[in-house]
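Everything on this sheet refers to the single structure shown next.
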Amino acid sequence: METSMNETQQQAKETVFRAPDRGDLQATATVDREVRRTVGEARVADPRIRCNDINVYYGTAQAIKNVNLDVGRNEVLAMIGPSGCGKSTFLRCLNRMNDTIDGCRVTGDILLDERNINAKEIDVVPLRAQVGMVFQKPNPFPKSIWENVAFGPRIHGLARSRAQLDEVVESSLRRAGLWDEVKDRLDKPGTGLSGGQQQRLCIARTIAVQPEVILMDEPCSALDPISTAKIEELIDELRQQFSICIVTHSMQQAARVSQRTAYFHLGDLIEVGNTEQIFTNPNHKLTEDYITGRFG
Amino acid sequence: MNQLILIFVLLLLSLAAYQMGRRRAYGLVDGQLRKLHSLPVYYGLYAAMWCLLPALLVLIAWTAFDGAIISHLVVGQLPESLHGADAGSINLLLNDIRNVRMGLVPPESADPVVVAAAQHWDHLQRIGYAALAVVVLILAVLGAIFTLTRIHPQQRARNAVERLVLVMMMAAASVAVLTTVGIVLSVLFESILFFRLVPVTEFLFGTSWSPQMAMRADQVGSSGAFGAVPIFVGTALISAIAMVVAVPIGLLSAIYLSEYAAPAFRSVAKPLLEVLAGIPTVVYGVFAVLVVAPAIRSWGMSLGLDVASESALAAGLVMGVMIIPFVSSLSDDVINAVPQSLRDGAYALGATPSETTRKVVLPAALPGIVGSIMLAISRAIGETMIVVMAAGLSANLSFNPLESVTTVTVQIVTLLTGDQEFDSPKTLAAFALGLLLFLVTLGLNVIALRVVNKYREQYE
Ligand SMILES: Nc1ncnc2c1ncn2[C@@H]1O[C@H](COP(=O)(O)OP(=O)(O)OP(=O)(O)O)[C@@H](O)[C@H]1O
Ligand SMILES: [Mg+2]
């Protein structure tokens, strides 16, 4: 059992980086498991988003503890970590979606292009058009596929005519890799699609608004390898203009699409750094435990 | 009384059968339950079922028919002189016999023939009871012995018991359906009688309603007019006014409560709104007559309008208030049932709360909202008390809400109160009105179902 686990994990990693085996990794990680301050470079030179001392509380329970983290321009930041460590919670801070949860409190500064979006007086409506989000569970509206994608452009007046709207819908669906499957049934309900198709519909719906930062919470957890590849291509394409934060449980995916990776553990940001360094040469023992599969 | 004791004994017997069945099943396999097809409980229930049911059926059948059988026998035993008497005098005689048996008439003062017949009746009844008790108990014991001796491990006791439960559930379900069918049929037959006297076309298209008939042949005037149009117009008018009040207020309050209000406020406000539905309608009627109608009248007079002291507006407004909770409470429930993830999806695209509500939440909740509105309309159409008190009885054909109108339910009430002959058109008209009302509400429900299904297809 033990050895077979080892083998599969090694194979998996070899497709991404030539990772050293477990023995070598143990030698490289130097920071002890008890240490909770963030290891690695949390700051970048010209950040798109800069988070200072973020704390999130659900009632009295603290879900995010004093996190400092930057998201660079034209960068994909991957967030990894065990289930329940606060990845989704942190992601939701970045477009103020935590506002919709009763009893959730976020403190600290979140600077988007040097403007604090965590301030009370910020209007969240334009903010969320600027910072789009794809949820962990697909949540298409109970409307037609076309309506689902056209929803955002319509409420923001992004298209002048039906023809323009049709264009936006088509291009969004194409980029999300869904067009060929749904082009003959655009008037059918989006809720009638399969789980993976629904997720791609939600991605299309999000990019139709042309957000400048996109938050993706496990966007590919319900997708087959081919759709996953399409989404990863899309992420790569979007990165040319925008910033992307992606939560994922697949380390291969994090390695494939991201430039930087952040590892969360029980509400703490444990380690952040270049993706390659995190996966080949983590400095914190907890990070190492996680990516070598010793955690949980 | 005797039957009650018998039923009690039967229950005791079946309890015993249950215990024995269970024990026996257990004993057959020496406690190794795996070897039994069903749990021991089912063998017990199976035995109890065969012990109780046949006996109970016989008991019920006897109780249903014993009166008829005994009276037939008693009539057959009457003296020669009474044979061939007509049904009416036989009935009178039977009545006398019953009075004597009940002790309402002392035997000394009654006709000796009647007294003899009454004694004969009591005698027959005693024999009947004895026979019944013997038959029922034998059946019960036989049933129990029959099943108990046949218990074996492979027997499918659970399936048999479950089938019985299924039959009982089907019987319960059919009671509701059958009663409805029965009511509709009886209304239908009475209506057919009515339509023999008054042509259907006059009823459906006549514009004058005055059901007062001449009581005696020589009485002048009042030949009766049965045109239902004015009262259906009155019903529609009052219901429309009520819906104009109830739908916007109910829907807006539902949206406020579910989408905007703080949970603490909602938990107080919603039960308070629902209290409105618990107020007896007669109280609303009082309110309509004593407060709303005079207010409307004085308001109308100050504007130089001619307002009847009993107006459709007063009744409609108060009825609207009454049905607000039907709309708001049900709509609030369905709006709340819309998953939060849909709202999140809209918010994440930069939709405002009002856009989210209008374009995502309400369409998703539409079937339920339509349902709640339909329920409110049915309530409005069927409501009687407020209208009797506040809208008046005069069957004006008018769309003017300031005039006095009447509704179908009110007319049914007035047609059937007081002493009535059951074959006069006046009485039968009530059934025709009831039938038409039933068809109208049925039609409304069908339309609503259609609407709901249409959107279901689109939204699910
Ligand atoms: N709405 C909420 N109310 C209260 N506590 C919450 C809520 N949402 C999340 N939490 C708690 O906050 C912590 C972090 O949750 P979060 O959803 O951010 O985890 P996650 O890292 O996204 O996990 P997963 O990988 O399973 O999605 C968990 O302990 C969770 O129980
Ligand atoms: Mg999550």
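The values are calculated or read from the model by the stated rules, or taken from the named source; none is laboratory data. In this text, all values refer to a predicted model and were calculated from it rather than measured experimentally. Cβ: placed from backbone, ideal geometry, glycine included. Neighbour counts: every protein chain shown. Heavy atoms of the whole protein, side chains included, go into the accessibility calculation; ligands, DNA and RNA do not. Shrake-Rupley method; radii C 1.70, N 1.55, O 1.52, S 1.80 Å.
Could you look through region B:263-274, keep only residues that are open to solvent by 60 Å² or more (accessible area, probe 1.4 Å) and free of Cβ contacts under 8 Å to residues at least 40 places away in the same chain, and pick out the one that is nearest to A:Asp102 (Cα to Cα)?
B:Pro263
So, in region A:209-250, exactly how many residues are out of contact with any Gly (no Cβ under 6 Å at 6 or more places or on another chain), more than 26 Å from A:Leu127 (Cα to Cα) and within 16 Å of ligand 2 (Cβ to nearest atom)?
Final tally of qualifying residues: 3.
Considering A:Arg115, A:Arg105, which residue is open to solvent by 60 Å² or more (accessible area, probe 1.4 Å) and either of a type in the set (Val, Ile, Thr) or free of Cβ contacts under 8 Å to residues at least 12 places away in the same chain (or both)?
A:Arg115
Suppose we filter A:Val76, A:Val67, A:Val44 for residues that are within 16 Å of ligand 2 (Cβ to nearest atom) and more than 14 Å from chain B (Cβ to nearest Cβ); which single one remains?
A:Val67
Out of all the residues in region A:34-62, which are open to solvent by less than 20 Å² (accessible area, probe 1.4 Å), within 16 Å of ligand 1 (Cβ to nearest atom) and aliphatic (A, V, I, L, M)?
A:Ile54, A:Val56
Only helices (runs of 4 or more DSSP H) wholly contained in region B:263-377 count here; list those with 1 or more residues that are more than 30 Å from A:Gly157 (Cα to Cα) and among the polar types (S, T, N, Q).
Details: elements: B:263-278, B:281-287, B:293-302, B:312-337, B:340-348, B:353-356.
Of the helices (runs of 4 or more DSSP H) lying wholly inside region B:263-377, those with at least 1 residues that are more than 30 Å from A:Gly157 (Cα to Cα) and among the polar types (S, T, N, Q) span B:263-278, B:281-287, B:293-302, B:312-337.
Of (1) crowded, with 21+ Cβ neighbours inside 10 Å; (2) assigned to a loop (DSSP other than H, G, I, E, B); (3) more than 14 Å from every other protein chain (Cβ to nearest Cβ), A:Phe90 satisfies all except one. Which?
Condition not satisfied by A:Phe90: (2).
Scanning region B:332-357 for residues that are within 15 Å of A:Pro211 (Cβ to Cβ) and among the hydrophobic types (A, V, I, L, M, F, W, C), which turns out farthest from the other protein chains (Cβ to nearest Cβ)?
My answer is B:Ala346.
Being over 22 Å from A:Pro126 (Cβ atoms) and touching a strand residue (DSSP E or B) at 6+ places or on another chain (Cβ under 9 Å) is the filter here, so list the residues in region A:91-109 that pass it.
A:Gly103, A:Arg105, A:Thr107
Please determine, by comparing only the residues of region A:118-137 that are within 13 Å of ligand 2 (Cβ to nearest atom) and in contact (Cβ under 8 Å) with a residue 12 or more places away in the chain, which one is most open to solvent (accessible area, probe 1.4 Å).
Of the residues in region A:118-137, the ones within 13 Å of ligand 2 (Cβ to nearest atom) are A:133-137.
If we keep only those that are in contact (Cβ under 8 Å) with a residue 12 or more places away in the chain too, we end up with A:133-136.
Working: A:Met133: 8, A:Val134: 2, A:Phe135: 31, A:Gln136: 82 Å².
Going through the qualifying residues, I end up with A:Gln136.
List pairs: first residue in region B:60-78 and open to solvent by 60 Å² or more (accessible area, probe 1.4 Å), second residue of a type in the set (A, V, I, L, M, F, W, C) anywhere in the structure, Cβ distance under 7 angstrom, at least six positions apart or on different chains.
Pairs that qualify, where the first residue is open to solvent by 60 Å² or more (accessible area, probe 1.4 Å) and the partner is of a type in the set (A, V, I, L, M, F, W, C), are B:Trp62/B:Leu132; B:Leu73/B:Leu124.
Check B:Ala395, B:Ala376, B:Ala365 and return the single one that is surrounded by 24 or more Cβ atoms within 10 Å (Cβ to Cβ), within 14 Å of chain A (Cβ to nearest Cβ) and touching a residue at least 24 places away in the same chain (Cβ under 8 Å). Walk me through how you get there before you give the answer.
Numbers: B:Ala395 fails: within 14 Å of chain A (Cβ to nearest Cβ); B:Ala376 fails: within 14 Å of chain A (Cβ to nearest Cβ).
None of the other options fit; the residue is B:Ala365.
A:Val124 - would you say it is away from ligand 1 (no atom under 16 Å from the Cβ), at the interface with chain B (Cβ under 9 Å from one of its Cβ atoms) and aliphatic (A, V, I, L, M)?
yes
Can you say whether B:Arg196 is assigned to a helix (DSSP H, G or I) and at pLDDT below 90, as far as the supplied structure shows?
In short, yes.
Hey, can you tell me all the residues within region A:179-201 that are within 14 Å of chain B (Cβ to nearest Cβ) and surrounded by fewer than 24 Cβ atoms within 10 Å (Cβ to Cβ)?
Listed by number, the residues that qualify are A:Arg185, A:Leu186, A:Asp187, A:Lys188, A:Pro189, A:Thr191, A:Gly192, A:Leu193, A:Gly195, A:Gln198.
So B:Arg24 clears everything in (1) outside any helix (DSSP H, G or I); (2) touching a residue at least 40 places away in the same chain (Cβ under 8 Å); (3) not small (Gly, Ala, Ser) except one condition, right? Which one?
Here B:Arg24 clears every test but (1).
Checking the conditions here, which among A:Asp53, A:Asp109 is in contact with a Ser or Thr (Cβ under 9 Å, 6 or more places away or on another chain), charged (D, E, K, R) and under 27 Å from A:Gly273 (Cα atoms)?
A:Asp53
Of all residues in region A:214-235, how many are in contact (Cβ under 8 Å) with a residue 60 or more places away in the chain, more than 8 Å from the chain's Cα centre (by Cα) and surrounded by fewer than 21 Cβ atoms within 10 Å (Cβ to Cβ)? Even if it seems obvious, please write down each step before you answer.
Restricting attention to region A:214-235, the residues satisfying the condition of being in contact (Cβ under 8 Å) with a residue 60 or more places away in the chain are A:214-219, A:221-222, A:235.
Now drop any that are not more than 8 Å from the chain's Cα centre (by Cα), which leaves A:221-222, A:235.
Pick out the ones that are also surrounded by fewer than 21 Cβ atoms within 10 Å (Cβ to Cβ) and you get A:221-222.
Selection size over region A:214-235: 2.
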